[in-house]
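S.K.: Input: one structure, supplied below.
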Amino acid sequence: MTDPKITQDFGFATRAIHAGAAPDAATGARNTPIHHSTSYVFDDAEHAASLFNLQTFGFIYSRLTNPTVAVLEERIANLEGGRAACAAGSGHAAQFLVFFTLLEPGDHFVASRNLYGGSITQFGTSFKKLGWHCDFADPLDPETFRAAIKETSKAIFIESVSNPSSVIGDIDAIASIAQEAGIPLIVDNTMATPYLFNPIKYGADIVTHSTTKYLNGHGNSMGGVIVEAGKFDWAQNDKFPSMTSPDDAYHGLTFYETFGDFGFTMRARAVALRDFGPALSPTNAFMTLTGIETLPLRMDRHVANAEAVATWLEDHPAIAWVSYAGLRSSPSFKHKNKYFRQGCGSVFTFGVKGGFDAGIRLVEGCTLLSHLANVGDTRSLILHPASTTHRQLTEKQQIAAGAGPDVVRISVGIETVSDIIADLEQALSKT
Amino acid sequence: MCNLNYSDRIIRQVLEQTTTIAMVGASANWVRPSNFAMKYLQQKKYRVIPVNPVISGTEIHGETCYAELAEVPGPFEMVDIFRRSEDAGKIVDEAINLKNEKGIKIIWMQLGVIDHAAGARAEAEGLTVIMDRCPKIEFGRLNHELSWSGINTGVISSKRPRLAR
Ligand SMILES: Cc1ncc(COP(=O)(O)O)c(C=O)c1O
């Protein structure tokens, strides 16, 4: 069970529009219908039994599978060059599905310390209550991952390019460390999208997304997805009993034996999604599918605008520093050139010389950029973490989290770039 | 070493050419993959004949089970091997011996079943060999059914799909 058995003959832009979708078999409808149905009729009792026991393909109940959501799942699996995908109601829910499928109580994993703050809290605080333990390592120093691996470690988790400070780790080296340890590498590819980077090409075994961000791209729907590369050998050691031992709830079915290179996805769906229920709404799936159709166009524009804004900020007298992997000054610049030839997204941080108060005045002074807590929207967004998302932390904790008093986070949208810069300019003049 | 990357064209051809499958290692236990793969393939209008010495003479899904390939009456184009890789070679050799008598054209080894040497012997005898795949999964994949579970089928078409078989 080595290669992922996939025909990827079409170009990325073609797959962004077509993968997973086909004209409706019954009506010929060309766009993907929104199937707002909770449930699906069985042909007879025998058919129902086969479906419930995962013995045949088909729909039962939309907590498990839904025809509109399935199109989104296949679309993202295809764009990532993966074998299969399972969607969830948010990016955080998707992460939960991954770890519930991988970990037993008492297990451990190693995560990058440069992650979306919500993920640091999920891993470091909430997961603890389930008996899952996480240590954090430095993605720019891969050996720190090796050092953090223990007997009970079951995975490594990194962001391809991090939110918010645009850190790109040495992904090749981290992938080798995971491989040597016999554990999967999980990459959150939210901030890059499969258009800018394919983690599976560099050794990721599982990819996660918050589709809430660039994939949807219009700030209109929450969503998340997990993608399985189909290359990991779950039977190479005894670390993954949920994949390799019979499941009582399915009459002794063994997921890896039965489903092979998409067994992880089946397990995440048939156990974690079934039993905890964070299913994606078909309307959200539809909105996200529509967004993905223009992903390549939008990402090119996001990157071009971000590079212009970052360069302009770096030269501005009121700005102390800019942390964007696309700038020469970034410690991630060499990794950006190695892994991200077409750019590294449009979310980054910068420091205002005037500190905490100047940061607040800047975000409050913007009249085009929106002051809110999201990223990856068509609209340009700006946030002062120390006074909002990271307000509860002490100053020391804020600095450790990359959210010190002077830090401002920006998500550069796809508006006319001179308008974005003009808004920043007038707002900075008030700091 | 045999190539384990099979083009969609080859797999489609194999699935379209086949009408009868001898399934070696078929299980009477309804929760075993061979049992429900057999049932699925029957629903897709394949005739599937179980081969398993431990339960020969009994019936699975309405078909009599035989002890070995040579005992199966009448022709079958495909031998589907639901056994461990170590046991595949012997079955492949039996199939090679019977290929003219039974009209065997395809050796199919299930997910996780790989024997490169046996595969090479069968190919040298003009048989088509597929390893480390499941015909149920491949049928479902090429006929859009696998898409229902978010699996990447690699299939893109602007034509309205015809429901399988
Ligand atoms: C990189 C990253 N991963 C995961 C998440 C969590 O996703 P969601 O908000 O959809 O639950 C976010 C959200 O900001 C994110 O930026």
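S.K.: Run down the aspartates and glutamates and flag those whose C-alpha is under 12 Å from the C-alpha of A:LYS336, throwing out any fewer than 8 positions away in its chain.
M.R.: Reachable aspartates and glutamates: A:ASP170.
S.K.: A follow-up question, please. Assuming R0 = 56 Å, what is the FRET efficiency of A:TYR40 and A:LEU130, from their Cβ-Cβ distance, to the nearest 0.05? Don't skip to the end; give the middle numbers.
M.R.: Numbers: r = 32 Å, r/R0 = 0.58.
E(calc), rounded to 0.05, equals 0.95.
S.K.: Work out the length of the dipole vector of region A:67-215 about its Cα centre, built from +1 on the beta-carbon of each Lys and Arg and -1 on the beta-carbon of each Asp and Glu, and round it to the nearest 20 debye.
M.R.: Charge dipole, region A:67-215, about its Cα centre: 380 debye, nearest 20.
S.K.: Output the pairs from A:LYS129/A:LYS154; A:LYS213/A:LYS239; A:LYS231/B:LYS136; B:LYS39/B:LYS105 with a Cα-Cα distance over 24 Å in this structure; if there are none, say none. Walk me through the numbers before you get to the answer.
M.R.: Details: A:LYS129/A:LYS154 17 Å; A:LYS213/A:LYS239 33 Å; A:LYS231/B:LYS136 20 Å; B:LYS39/B:LYS105 22 Å.
Over 24 Å apart, Cα to Cα: A:LYS213/A:LYS239.
S.K.: As a check on your grasp of the helix formula, calculate [θ] at 222 nm for the protein assembly as shown: sum -39500 (n - 2.57) over DSSP H runs of n ≥ 4, divide by the residue count, round to the nearest 500.
M.R.: Details: 22 runs with 204 residues, N = 596.
Counting only the DSSP helices, I get -10000 deg cm²/dmol.
S.K.: Moving on to the next point. Within straight cross-link reach of A:LYS338, meaning Cα distance under 18 Å, which lysines are found once same-chain residues fewer than 8 apart are removed?
M.R.: A:LYS201
S.K.: Now for a different question. Which GluC sites (Glu not before Pro) in region B:1-93 sit in a loop by DSSP (not H, G, I, E or B) and have at most 13 other Cβ atoms within 10 Å of their own Cβ?
M.R.: On the way: sites: B:GLU16, B:GLU59, B:GLU63, B:GLU68, B:GLU71, B:GLU77, B:GLU86; in loops: B:GLU68, B:GLU77.
Sites meeting the loop and neighbour criteria: none at all.
S.K.: Using a Gaussian network model on chain A with a 10 Å cutoff between Cα atoms, which of A:THR27, A:THR121, A:THR394 fluctuates the most?
M.R.: In the Gaussian network model the winner is A:THR27.
S.K.: Please identify the helices of chain A, taking whole runs of DSSP H, that span at least 20 Å along their own axis as judged from the Cα atoms and have a mean Kyte-Doolittle score of -0.5 or higher.
M.R.: Working: long enough: A:295-314 (28 Å, -0.03).
The answer, listed by residue number, is A:295-314.
S.K.: For A:THR367 and A:GLU425 in the same chain, what is the full-extension length gain: residue separation times 0.36 nm, less their Cα-Cα distance, in nm?
M.R.: Values: separation 58, 0.36 × 58 = 20.88 nm, distance 1.11 nm.
19.8 nm is the gain from fully extending A:THR367 to A:GLU425.
S.K.: Rounded to two decimals, what is the ratio between the C-alpha radius of gyration of region A:296-428 and 2.2 N^0.38 Å? All intermediate terms of the calculation are to be shown ahead of the outcome.
M.R.: Values: Rg = 14.1 Å, N = 133, 2.2 N^0.38 = 14.1 Å.
Taking N as the residue count of region A:296-428, the ratio is 1.00.
S.K.: Sort out for me the Cα centre separation of region A:114-129 from region A:343-378, rounded to whole Å.
M.R.: 23 Å
S.K.: Same structure again: Report the paramagnetic label zone for A:ASP357: residues of region A:319-337 whose backbone N is under 18 Å from a point 7 Å from Cα along the Cα-to-Cβ axis.
M.R.: In region A:319-337, the label zone of A:ASP357 (backbone N under 18 Å from the point 7 Å along Cα→Cβ) covers A:319-320.
S.K.: If R₀ is 41 angstrom, what is the calculated FRET efficiency for the pair B:GLU123 and A:ALA49, using the beta carbon separation as r and rounding to 0.05?
M.R.: Details: r = 39 Å, r/R0 = 0.96.
The calculated FRET efficiency here is 0.55.
S.K.: How much FRET efficiency would the formula 1/(1 + (r/R0)^6) give for A:ASN374 and A:LYS150, where r is the Cβ-Cβ distance and R0 is 51 Å, rounded to 0.05?
M.R.: Details: r = 36 Å, r/R0 = 0.70.
E(calc), rounded to 0.05, equals 0.90.
S.K.: Going 7 Å from the Cα of A:ASP138 in the Cα-to-Cβ direction, what parts of region A:103-124 have a backbone nitrogen less than 11 Å from that spot?
M.R.: none
S.K.: Please report A:HIS384, A:HIS209 as a ranked list, fewest other C-beta atoms within 10 angstrom at the top and most at the bottom.
M.R.: Working: A:HIS384 25, A:HIS209 31.
Placing the least packed residue first, the sequence is A:HIS384, A:HIS209.
S.K.: What is the order of A:VAL407, B:VAL14, fewest Cβ neighbours within 10 Å to most?
M.R.: Details: A:VAL407 27, B:VAL14 20.
Least to most surrounded, the residues fall as B:VAL14, A:VAL407.
S.K.: Need one number: nm distance between label points at A:GLU415 and B:ASN100, each 7 Å from Cα along Cα→Cβ, rounded to one decimal.
M.R.: Taking the two extended label points, one gets 8.1 nm.
S.K.: Does region B:8-142 classify as rounded, prolate or oblate by the C-alpha gyration tensor (a ≥ b ≥ c root eigenvalues; a/c under 1.5 gives rounded; else a/b over b/c gives prolate, otherwise oblate)? The partial results should precede the final answer.
M.R.: On the way: a/c = 1.36, a/b = 1.14, b/c = 1.20.
Rounded.
S.K.: Distance between the C-alpha centers of region A:132-159 and region A:271-324? Whole Å please.
M.R.: 26 Å
S.K.: In addition: Identify the trypsin sites (Lys or Arg not before Pro) of region B:51-123 meeting these criteria: DSSP loop state and at most 13 other C-beta atoms within 10 Å of the C-beta.
M.R.: Numbers: sites: B:ARG83, B:ARG84, B:LYS90, B:LYS99, B:LYS102, B:LYS105, B:ARG121; in loops: B:ARG83, B:ARG84, B:LYS105.
In loop regions of region B:51-123 (DSSP not H, G, I, E or B), the sparsely surrounded trypsin sites (Lys or Arg not before Pro) are B:ARG84.
S.K.: Is the shape of region A:12-291 rounded, prolate or oblate, going by the alpha carbon gyration tensor and its root eigenvalues a ≥ b ≥ c, with a/c under 1.5 for rounded and a/b larger than b/c for prolate?
M.R.: Details: a/c = 1.90, a/b = 1.30, b/c = 1.46.
The shape class here is oblate.
Any read-out appearing in this document is the output of simple, stated calculations on the displayed coordinates, not a laboratory observation. Predicted, not measured: the structure shown is a model, and the values here were computed from it. Note: ideal-geometry Cβ built from the backbone for every residue, glycine included; neighbour counts use all protein chains shown.
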